[in-house]
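The values are calculated or read from the model by the stated rules, or taken from the named source; none is laboratory data. Everything numeric here is computed off the predicted structure, so don't read it as measured data. FYI the Cβ positions are ideal-geometry reconstructions off the backbone, even for glycines, and counts take in every protein chain you see. Heavy atoms of the whole protein, side chains included, go into the accessibility calculation; ligands, DNA and RNA do not. Shrake-Rupley method; radii C 1.70, N 1.55, O 1.52, S 1.80 Å.
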Amino acid sequence: KIFPSLFSSEMAQRVLYWASGSPYVRKIQIILEEKGLQYESKLLSAASGDTKKPEFLALNPRGKVPTLVDGDKVLYESDAIALYLDEKYPEKPLLPKDLDAKSVAWMRIFETSTLAGVFRDSGFNQFYNKQKNPQESVEEWTEVAIKIKGELALWNNYLSDRDYLAGNTFSLADIALFSQLVALERVGKKFVEDKEFPHIGSWWGKVSVRDSIKKTVPPHWSNTQ
Amino acid sequence: PKSFPHYFRARWHKECCIGPVGVHMCEKFRSFEEKGLQYESKLLSAASGDTKKPEFLALNPRGKVPTLVDGDKVLYESDAIALYLDEKYPEKPLLPKDLDAKSVAWMRIFETSTLAGVFRDSGFNQFYNKQKNPQESVEEWTEVAIKIKGELALWNNYLSDRDYLAGNTFSLADIALFSQLVALERVGKKFVEDKEFPHIGSWWGKVSVRDSIKKTVPPHWSNTQ
């Protein structure tokens with residue numbers, strides 16, 4: 001940007017309230033990077049009660065992140081923010097133009113909620129939150145792995161005949177899936193070496209090296225290991 | 001002439017099972033009805049194992065309803081089906097054209113998942129599935145009501161300054177909200193008389209009399225009382 005005042009006014013009009021480690025936050029941060037959109041970053045701490053302070057609840061009565069302010073708009077629900085950003089800033093599109101391919105993208109985006117539910121119900125979230133790892137907590141990990149296999153097999157199959165979830169081009173669906181699956185990588189699963197889910201592996205190899213992915217690693221993840 | 005889409009819907013063998021399947025089934029019917037779209041109806045019974053039969057799993061590996069076949073497309077995830085129908089058949093639009101209003105519609109659509117989660121976590125779903133009613137199971141109902149009040153207050157507030165969730169016009173957001181809330185009406189709550197949530201009440205008065213709503217009452221609901 002040539003004019004610093006323009007630069008700062010663009011940033012001031014767009015604010016992202018977020019917390020480190022949320023897959024829903026990650027999804028929006030990746031989109032903002034892919035689109036090259038500047039924004040003011042407001043990192044909140046749930047533990048410190050930031051998300052329940054009156055000034056935040058005035059923006060989002062649900063007290064959740066991500067919450068986006070863009071000009072005079074306030075939006076929450078990560079999928080609503082995603083669809084809004086893609087339509088408002090269409091220069092680097094993240095959804096196919098063709099309705100058939102776009103509906104597949106939509107379907108996969110919303111299916112990631114089911115994946116999130118499997119992580120919750122399988123015990124994976126608890127395993128992850130207790131900062132355990134598969135090498136040390138073998139029995140517990142084995143139980144979790146059995147429960148999530150079926151879900152991972154579905155996604156592996158979705159990627160078996162294509163480069164990206166909605167076809168030939170990277171889309172919001174890949175961002176949504178990556179944002180959920182990366183928690184597995186964090187406990188030690190290496191998708192790129194995975195023989196059981198090889199299609200997720202090759203997809204992972206392409207997606208994980210994108211700048212938008214590398215620039216949005218949660219700060220507290222970078223601080224460990 | 002439009003192709004005649006085939007549409008799968010389901011009911012549960014147990015009378016009163018609600019949750020994403022039951023309510024989203026109704027939701028999709030409503031979208032079809034609003035658009036005046038013909039479709040072939042395939043009513044499935046989960047209890048009879050219909051949703052896990054190979055021919056259905058070949059269409060939807062998750063074995064869930066609603067599942068839509070439209071020509072050579074197969075779609076699942078009710079929100080993906082909703083967005084697809086609205087874009088493919090634009091003559092009776094169910095989303096605002098203006099992006100700001102449309103993003104509010106999207107936000108409210110996705111927020112209904114939170115409402116569904118509150119129904120689950122408050123015990124309402126269990127209360128409903130056991131076919132209890134507030135007049136007879138007063139203590140249990142009181143506990144549930146306390147837990148869902150906060151959520152209903154949010155939606156009441158969303159409707160306080162407008163006729164419909166996204167503004168002046170009925171949209172997918174109103175369909176999504178109605179499809180969830182109608183379970184409360186089924187246990188006896190009368191929104192139109194509700195002094196605690198009057199904005200939901202006046203909204204209910206307008207929405208519940210639409211032809212699409214009246215034509216899509218689940219068959220097993222009509223058979224009781």
- prompt: What tally of residues in the stretch A:130-155 results from selecting those that are open to solvent by 20 Å² or more (accessible area, probe 1.4 Å) and assigned to a helix (DSSP H, G or I)?
  reply: 13
field: Pairs where the first residue, in the stretch A:72-85, is farther than 16 Å from B:I109 by Cα and the second is modelled with pLDDT under 95 and open to solvent by 10 Å² or more (accessible area, probe 1.4 Å), C-beta under 9 Å, 6+ apart
entry: A:D72/A:Q13
message: Out of A:F170, A:F119, A:F127, I need the residue that is more than 14 Å from chain B (Cβ to nearest Cβ), assigned to a loop (DSSP other than H, G, I, E, B) and closer than 27 Å to A:T216 by Cα. Which one?
response: A:F170
- request: Sort out which residues of the stretch B:172-210 are at pLDDT 95 or above, closer than 27 Å to B:K92 by Cβ and open to solvent by 50 Å² or more (accessible area, probe 1.4 Å), and write them in order of number.
  value: B:H199, B:S202, B:K206, B:V209, B:R210
query: Is the stretch B:104-115 home to any residue that is in a loop (DSSP other than H, G, I, E, B) and either open to solvent by 30 Å² or more (accessible area, probe 1.4 Å) or out of contact with any Leu (no Cβ under 9 Å at 6 or more places or on another chain) (or both)?
result: no
- prompt: Given the conditions (1) more than 14 Å from every other protein chain (Cβ to nearest Cβ); (2) surrounded by fewer than 16 Cβ atoms within 10 Å (Cβ to Cβ); (3) in a helix (DSSP H, G or I), and given that B:F56 satisfies all but one, which numbered condition is not satisfied?
  reply: (2)
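Identify, please: which residue in the stretch B:157-166 is out of contact with any Asp or Glu (no Cβ under 6 Å at 6 or more places or on another chain) and either of a type in the set (G, A, S) or open to solvent by less than 10 Å² (accessible area, probe 1.4 Å) (or both) and is, among those, nearest to B:K92 (Cα to Cα)?
In this case the residue turns out to be B:A166.
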- line: Looking across the stretch B:97-116 at residues that are among the small types (G, A, S) and free of Cβ contacts under 8 Å to residues at least 12 places away in the same chain, the single one that is nearest to the other protein chains (Cβ to nearest Cβ) is B:S103
- prompt: Does the stretch B:69-84 hold any residues that are buried (at least 23 other Cβ atoms within 10 Å of the Cβ) and either modelled with pLDDT under 95 or within 15 Å of the chain's Cα centre (by Cα) (or both), and which are they?
  reply: B:E77, B:S78, B:I81, B:A82, B:L83
message: Criterion first (more than 13 Å from every other protein chain (Cβ to nearest Cβ) and β-branched (V, I, T)) does B:T142 satisfy it?
response: yes
query: Which of the residues spanning the stretch B:61-84 are part of a strand (DSSP E or B), hydrophobic (A, V, I, L, M, F, W, C) and within 7 Å of chain A (Cβ to nearest Cβ)?
result: B:L75
message: Against the definition (open to solvent by 10 Å² or more (accessible area, probe 1.4 Å), β-branched (V, I, T) and under 29 Å from B:L75 (Cα atoms)), how does A:T169 come out, yes or no?
response: yes
- prompt: Limited to the stretch A:85-96, what total is found for residues that are more than 7 Å from chain B (Cβ to nearest Cβ) and either modelled with pLDDT under 95 or more than 17 Å from A:R162 (Cα to Cα) (or both)?
  reply: 7
